[in-house]
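Some notes on the structure that comes next.
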Amino acid sequence: MRILIAEDDPTSRRVLEAVLARWGHEVVSTADGDEAWARLQEPEAPKLAILDWMMPGKDGVELCRLVRARGDDEPTYVILLTALGTKSDVVQGLDAGADDYLTKPFDKDELRARIRVGERVLELQSALALRVRELEDALGQVKTLRGILPICMYCHKIRTDAQSWERVDQYVSAHTGAEFSHGICEECLAEHYPELLEPEEPATGA
């Protein structure tokens with residue numbers, strides 16, 4: 001996958017580039033926070049970023065806040081790289097929006113494991129975002145009837161937006177998910193098929 005790294009120290013940056021490339025990742029390398037922020041705003045920006053905490057321009061914590069403030073459907077997974085190892089520093093980084101952290105000097109096996117965690121999270125986020133988009137598309141196709149419908153007082157046909165007249169059942173089926181099963185009410189049965197009705201028994205006198 002494409003991974004952005006933001007590291008101002010040239011030696012540390014080259015080490016990260018070499019390690020990630022050896023694992024098969026495409027590396028987008030930046031030397032300060034301002035450059036990293038510019039790359040993260042590109043249309044095809046990497047979805048996983050390893051950010052140094054302390055560097056020129058925007059530091060890692062500020063970048064975390066900026067990334068989270070965007071409110072993306074598929075947010076960037078951020079690993080904060082820091083030489084600050086106290087619990088309060090870790091809490092500050094996580095509160096700013098970092099998903100994970102790694103202390104310097106980093107262990108390569110630990111870095112690889114944390115990247116794999118990030119990959120799994122990104123896969124889940126991508127799948128969830130896809131399902132949300134599918135649901136939004138489905139809801140957008142749901143048809144509803146609202147407002148005032150012009151209906152003929154005699155034949156009860158409905159006037160459509162195209163100024164033509166349609167039967168009620170056809171109109172409702174076209175504008176909702178309803179389907180009709182036709183039957184016959186007792187009044188219409190008596191009017192149109194009187195021969196099907198059982199004759200009433202004559203009243204008997206007292």
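The values are calculated or read from the model by the stated rules, or taken from the named source; none is laboratory data. Fair warning: this is a prediction, and the values are worked out from it, not measured in the lab. Neighbour counts are summed over all protein chains in view; Cβ atoms, including those assigned to glycine, are modelled from backbone coordinates with ideal geometry.
With the structure loaded, tell me whether Leu111 is farther than 20 Å from Glu42 by Cα and assigned to a strand (DSSP E or B) or whether it fails that test. So Leu111 fails the test. Would you mind stating whether Thr86 is over 20 Å from Thr30 (Cα atoms) and of a type in the set (Ser, Thr, Tyr)? When the stated conditions are applied, Thr86 passes them. If the condition is being buried (at least 20 other Cβ atoms within 10 Å of the Cβ) and closer than 16 Å to Pro46 by Cα, then the stretch 61-98 contributes Leu63, Cys64, Val67, Thr76, Tyr77, Val78, Ile79, Leu80, Ala98. If you go through the stretch 153-190 and keep only what is at pLDDT below 85 and of a type in the set (Phe, Trp, Tyr), you end up with Tyr154, Tyr171, Phe180. Residue pairs whose Cβ atoms lie under 6 Å apart, sitting 6 or more positions apart in sequence or on different chains, and linking a residue in the stretch 101-120 that is in contact (Cβ under 8 Å) with a residue 40 or more places away in the chain to a partner that is part of a loop (DSSP other than H, G, I, E, B), are Lys104/Ala83. Here Gly71 passes the criteria (1) under 16 Å from the mean Cα position of the chain (by Cα); (2) at negative phi except the one numbered (2).
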